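Written below as structure tokens is the structure these notes are about.
Values in this text are rule-based calculations from the coordinates and carry no lab data. Computed from a prediction, not measured in an experiment: that's the story for all the values here. Reconstructed Cβ throughout: ideal geometry from the backbone, glycine too, with neighbour counts over all protein chains shown.
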Amino acid sequence: MGTSNLYKGPKGSSLIPADYTGEPEEQPVAAPEGEAPAEEQPENDEPTEEENPEQEDPQQEEQPRVTWTQAKRTFSSQIGKSNPNVKWVAKTYTKASGGYKHAAKTSGSSKRVARGIINFFSGTPEAIRQRLEQIGIVFEGRSTQEVFNDIYSHLCTGTSSREDALADKALSQTFSELFESELVDEQGLDVFKPELLEFMVSHFVANSIYYKLLNEVSFGELTGDKSNADIAKIEEELKTFIDGFVSGRVPDHLHEGITPDEVNKLVDNLYEDCYKVMEGLAE
């Protein structure tokens, strides 16, 4: 079942990050000392990390700076490989973003939507339904699709800035994935169960990170000579990688009885935790 009425994402928005300098001569970011550059690494090998995964924040700041051009070229260098090194792509991207803390800090639009998801879908089924009715969502005589279209409209940012549009696109994809799952029965509204909150948070956070990464590294000038099949392959590999570690992180942050005062910190910590994995500083 589809979600054809849901927002389908930004149209005509630039793929170039606001602070991208477009330096044409820079190469893909170099691998740690003693390793081949990203485009020369064996396809089945992951880069050996110099840093200890347990490093504290000051040590993160000592890491070599990675520019947006290097991050883009690292992404481009992996397109067409039979086994693209998406962990290396994710790491250089996060470093170009200023490290995991800054990457999380600049995800404000996505974090606002994530907080909305938690506020909407926390608690018992009765509490969730009452909460949604209080904001004007009508259940009586309506299909699950219609109710969730309304929920989507309340959660999305509805604005046209690049960051907001990416958050809305991630939210639309999350609802599509929900309706493709076994959690939703289109003929009934027996969906407000504990599994729903974890599903929505996991899928939205993963989708928001994924779309933000693609938006900032997959500039057409760098992928124009690549086949659509090769580009689709690395995008699929990136999404699988991100989906996997996010779904493993979310249960560590969600818990029963979340209070409104806890939501902000919970979401901040969750995004930092996920970007820390992206940067290679956590498993």
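D for the stretch 104-278, whole µm²/s, Stokes-Einstein with Kirkwood Rh over alpha-carbon pairs at 25 °C and 0.890 mPa s: what number? Reported coefficient: 144 µm²/s.
What list do you get for C156, C274 if you sort them by fewest beta carbons within 10 Å?
Lowest to highest Cβ neighbour count: C156, C274.
Restricting the trypsin sites (Lys or Arg not before Pro) of the stretch 139-220 to loop positions (DSSP other than H, G, I, E, B) with no more than 16 neighbouring Cβ atoms within 10 Å leaves R142. Taking all Cα pairs closer than 8 Å and separated by 6 or more residues, the relative contact order of the stretch 164-283 comes to 26 percent. As a proxy for reagent exposure, H203, H253 were ordered by neighbouring Cβ count within 10 angstrom, fewest first; the result is H253, H203.
Among V147, V184, V246, V205, which comes first, second and so on when ranked by fewest other beta-carbon atoms within 10 Å?
Lowest count first: V147, V184, V246, V205.
With 20 Å as the limit, the listed pairs K101/K265; K111/K276; K87/K212; K193/K276; K81/K169; K101/K212 have K193/K276; K81/K169 beyond it between alpha carbons. Under the combined filter of DSSP loop state and at most 14 neighbouring Cβ atoms within 10 Å, the stretch 73-139 retains these chymotrypsin sites (Phe, Trp or Tyr not before Pro): F139. In this structure the amide hydrogen of K226, modeled in the peptide plane, comes within under 5 Å of no amide hydrogen from residues 5 or more places off or on another chain.
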